[in-house]
Every structure is written in structure tokens, then in C-alpha cells.
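Peer 1: Take a look at this one; I'll ask things after.
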Amino acid sequence: MGRILVVDDERSMREFLAICLKRGGHEVTVADSGDQAISVLGTQAFDIVITDLRMPGETDGIGVLEAVKQLGLDTEVVVVTAFATTETALSAMKKGAYDYLTKPFKVDVINTVIDRALEKRSLVEANVALREQVAGRYRMASIIGKSPRMQRIFDLIAKIQSAKTSVLITGESGTGKELVARALHTEGTRSEAEFVAVNCGAIPDNLMESELFGHVKGSFTGAMSDKVGLIRRADKGTLFLDEIGELSLGLQVKLLRVLQERTVRPVGGETEVEVDVRVVAATNRELEEEVARGAFRSDLYYRLNVIELRLPPLRQRQTDIALLAEHFLTRHKAGLPREIRGFSPEARKHLEQYDYPGNVRELENMIERAVTLADGPLIEVADLPERKTTTPPLGVAAATVFPEEGIDLDRMIADFERGIVEQAMERAGGVRKRAAGLLGISFRSLRYRLAKLGLDSHDPATDETSDK
């Protein structure tokens, strides 16, 4: 049964429809004008609106229909009139009316229309629930992604979430390194203890030692009392060292001792204190290069990099853009006085064609801005900041400044090849034969490359046809 609003300036018609619909078990509210209907729609939710087309006042039936759409409601609208013409019927249907009826009509006709409209709403709601259920498969903690690379990240997190092993999370700024660190903590056995996050680049070097290791009273000027450092605060939990590459060499030595001995000595203290802490570090630098030029200790690097989680930039996980955009839309529209249902097709295409140098963080900022500026129920291209796609054409390397210390050409080529192959697989929906066609190579060649790059999770269904 449904909640129905009947709008008609004729009292007899309002009462007739109300009686018929209530007999069918529906909950009915009536309004005697378009203006009153719009006022009611702003305070109550309805499954269906049945509105007369011609009514006195500023708002007729088409005005009620337009108000439903402008308010972003998923209410079905049935327009009825005694003055039917082809033009008015077409106008109502083009503006989104579910159906158009001519007075006088039989009771069984209106009942049939109502039943069909409610059935449509039921299917829409079921589809929304299904989309939410499917979206749940692409989510871990606060991380969202359905691309193959993110699914492998999810699999790896699930394998190591309860281990004591140190983890190094690498990737460009804005890719979600702290979210992954928090997922390792909240999904694992240490979730009852603290997750302590430290930005190694935000605390001055002369204060960092005291912040990490703590100090005893009187150990230096200003040490008016004992202080428990962040490492001890994270005991039984997780210590997240963000931007670990910013840590000075002196503090790197002391951190290495904590990892090796599982003890910590406060500044000015004489005794070691045992700690049980899992260290998760993150950086947007290439620490191997930092080690090579002497800016990062190799022994600490190998101690931290027991397991590496390398997060892909958003431009290499294009199938996640729409999913993330919907997530950020839901987050930022909460509490707004107006309803924003989603994105226009043009806006969605605009989002998917941009390459996001700021990664997921930039995408969220774009959506927050759009939600603030949008006037209608859909976010349009005009609500999004002007952006130009900067991804170079395939086969053309992006312009870079050649570093003084040189590059690892083999690794750079392998990373480029991996990114291109993964994008082709995503674009082909995981079907390897289609991906091979997109890349202009044979099926055998693609199969070899997938195996070489460690991307081959073979499912015969994804071959489409047998390999001959």
C-alpha cells in the first residue's frame, strides 16, 4: 500500500479519489491547490501524487510535477484532466509524469495505474538496495574501490591485518595511505587499543624525539613533568608514521632500535620500557632512492619494508572514479536543505576523463565544491571546476625533469607497462581477449605479460574464447 497525495480544486473529486484510494488500503492526503500541494510536499513523503492539470492560482498540475522534480523527490506523478489534448499529454510525459488520465475515468483504471506506479517504485527501491549491497563488496573500512588493483590491496590487507609485521605504504599524495593504515588497525586484532598517527614532517626535529619517545621531568629546559611518548601510547595498538622519509637520520637510528628491541627509552631516562606496538609507515617518496643517496638508513628501510602496500594513483583506477564520486556526494550532501540525487551524464563523463594529480583527495574536494554550488537535483558540468586532462597520449612519455642521481629505467618501464595493462583490463571488464584487442597485441602476448607482471588471476570465463 502507498502514501498518496491527491491535488484537485474540486472538492467532489478530492473526496471521490480519497474514498476510492482508502478502500484500497492506501494512506491519503488531500490538497485543494498546487501551492498547498507544494507546501505539503516539503514536509511529508509520498509514493504517488495524483494532480489535476488545470487549477486556479499560480501553480497548476504541471507546476506540481515540476516541483516534485526540482525537489529531487522520487515520487511518481499521475496527471488527470477533463481538458485533454495531445500537446498537454506529451508535455506532462516529457516533464516526467508517470501517466496521464482523462476525466471521467473508471475506478478500476485509477486503481490499475496506482498499482503499476507502486510496483515501479518497489523495483526502484530494490535496485537501490542491490546497488548498496554491491557497493559493500567494494569497500573495506573507509577505503572504496572495485578496480583490480584496489581489490588486490583489499586482499593483502585481509591477509596481514592481524600480523605484527611492519608495513610500508607507498604512493602519491592523496591516494589514501592513512585510510589503509587505519584499515589495518581497525580490521585486525589490535583494534581495541589506540591508533596513534604521527606526521613526521609536521613536527620540528628538536621536538620529535620527545614526542615519539617521551621524556622524564627535568631532562631539558621546559620538561616540567614526565611525558609518555607516542610510541608508548600506541602500546598494544598501531603507530602510524606518516611521511617517514622526513625523519632525521638521528631519529631513524633510535626508531630502528625500537623496532629491533621492542623497547623505548624516554629522553633523559635511564631504563628501557617494553612496548608491543605495530609500526605502519607511509611515504610518497621512493625510499630506495633515498637510501641510495644516503638520506635514509638502509637498515631501517628493510626493517620497515617487510611488506609493502603500493597504492595506485587515481588515474590508474578509472573504474573507481564514479564509485568514489557517489560516496563523496552522499557524505557532503548530508544535512543540506535541498536534495541532490546524483550527477548528470555530462558531469559524470567530465569526472571520469580527468586524471587527478591530487588523486582521491582532489576528487573529494571537487565533489564538496559541486554540492555547495549545485542549484538543481543533479550536479552539472558547470558545478565542477574547469579541469584539463593532462594524461599524455599512449606511447608518449610524460615530460619529467631528469633527476641528478639518475633513474631506474627498467623499473620505470615496468611501472608504465603495468599501469597500461591494468587500465586495459579494467576497460575490458576483465575479459582478457578484449583487453588484448585494446592493446593491439595477441591473446598469448597479453597472457604472457599478465603472468610477468604478477597480474594473472586466471578465470577461464574471462577468456571469452579458448586460446588457440
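Peer 1: Restricting attention to the alpha-carbon atoms of the chain, what are Rg (one decimal) and Dmax (integer), both in Å?
Peer 2: So, for the chain, Rg and Dmax equal 30.4, 95 Å respectively.
Peer 1: Quick check: the angle from helix 61-70's long axis to the longest principal axis of the chain, C-alpha only, nearest 10 degrees?
Peer 2: It is inclined by approximately 10 degrees.
Peer 1: Enumerate the lysines that residue 236 could reach by cross-link, defined here as Cα to Cα under 23 Å, with residues fewer than 8 away along the same chain left out.
Peer 2: Leaving aside lysines fewer than 8 places away in the same chain, those within reach of residue 236 are 159, 164, 177, 227, 254.
Peer 1: Determine, for 213, 16, 154, the number of other Cβ atoms within 10 Å of each Cβ, and report the residues in order from fewest to most. Don't skip to the answer; put the middle values down first.
Peer 2: Values: 213 24, 16 15, 154 20.
With the fewest neighbours first, 213, 16, 154 line up as 16, 154, 213.
Peer 1: Work from the charge dipole of the stretch 1-78 (Cβ charges, +1 for Lys and Arg, -1 for Asp and Glu, about the Cα centre) and give the residue of 4, 26, 78 farthest towards its positive end.
Peer 2: Result: 26.
Peer 1: Ok, one more. Which one of 438, 454, 412 is farthest out on the positive end of the charge dipole of the stretch 409-463, using unit charges on Cβ (Lys, Arg +1; Asp, Glu -1) and the Cα centre as origin?
Peer 2: So the residue furthest toward the plus end is 438.
Peer 1: Counting DSSP beta bridges in the chain, what percent are antiparallel, to the nearest 5? Before the final figure, lay out each step's value.
Peer 2: On the way: 6 of 44 bridges.
That works out to approximately 15 percent antiparallel.
Peer 1: Could you tell me how many degrees, from 0 to 90 and to the nearest 10, lie between the Cα long axis of helix 249-261 and the main elongation axis, the longest principal axis, of the Cα atoms of the chain?
Peer 2: 90 degrees
Peer 1: While we're here: Calculate for the chain the 222 nm mean residue ellipticity that helices alone would give, adding -39,500 (n - 2.57) per DSSP H run of length 4 or more and normalising by residue count, nearest 500 deg cm²/dmol.
Peer 2: On the way: 18 runs with 207 residues, N = 468.
When only DSSP H runs of four or more count, the value is -13500 deg cm²/dmol.
Peer 1: Which order results if 328, 343 are arranged by neighbouring Cβ count within 10 Å, fewest first?
Peer 2: Details: 328 20, 343 24.
Lowest to highest Cβ neighbour count: 328, 343.
Peer 1: Run the Debye formula on the Cα coordinates of the stretch 145-310, all scatterers equal and no solvent, and tell me log10 I(q)/I(0) at q = 0.14 1/Å.
Peer 2: Cα-only, vacuum Debye calculation for the stretch 145-310: -0.71.
Peer 1: Rank the residues 200, 20 as a footprinting-exposure proxy: fewest other Cβ atoms within 10 Å of their Cβ go first.
Peer 2: On the way: 200 22, 20 17.
Starting with the residue having the fewest Cβ neighbours, the order is 20, 200.
Peer 1: Using unit Cβ charges (K, R positive; D, E negative) and no other charged atoms, how large, in debye to the nearest 20, is the dipole of the chain about its Cα centre?
Peer 2: Numbers: 63 positive and 72 negative charges, 231 e Å.
Dipole size: approximately 1120 debye.
Every number in this text was worked out from the coordinates using simple rules, so none of it is lab data. From a predicted model like this one, the values you see are computed outputs, not experimental measurements. Note: ideal-geometry Cβ built from the backbone for every residue, glycine included; neighbour counts use all protein chains shown.
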